Amino acid sequence: MNKDRYLLLASAVFGVIALFHLARAVLGWEAFISGFRIPVYFSYLAALILASGFRFISAIWLRLSWLISHGRCMTQAGNRGL
């Protein structure tokens, strides 16, 4: 798997999980782990953290895509593009 596909997949996973946490918080869904009730504020915090991770990974992915499309990324073993 190359870097483009990996970063795209990682940002999509972060985004989907952030949306689920936000939906849980807004709709008031209950969550339990081993019988322990997870507070709703945890989902707000998790959505915030995951959304910032989604934004960070997406920014890296867009930067790498731009570098590759403009021929500024390393294409051969001896070529220093970054």
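Here are the numbers for the structure shown:
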{"read-out": "Extension gain, Val26 back to Arg5 (0.36 nm per residue minus Cα-Cα distance, nm)", "value": "4.4 nm"}
{"read-out": "Value of Rg to Rh for the stretch 3-69 (Rh from inverse mean 1/r over Cα pairs, i.e. Kirkwood)", "value": "1.15"}
{"read-out": "15 Å beta-carbon shell around Val40, net charge (K/R +1, D/E -1)", "value": "+1"}
{"read-out": "Percent RCO, i.e. relative contact order, over the stretch 3-69, from Cα pairs under 8 Å lying at least 6 residues apart", "value": "47 percent"}
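Every number in this text was worked out from the coordinates using simple rules, so none of it is lab data. The model shown is predicted, which means the values in this text are computed figures rather than measured ones. No Cβ is skipped: glycine too gets one built from the backbone with ideal geometry, and neighbour counts run over all protein chains shown.
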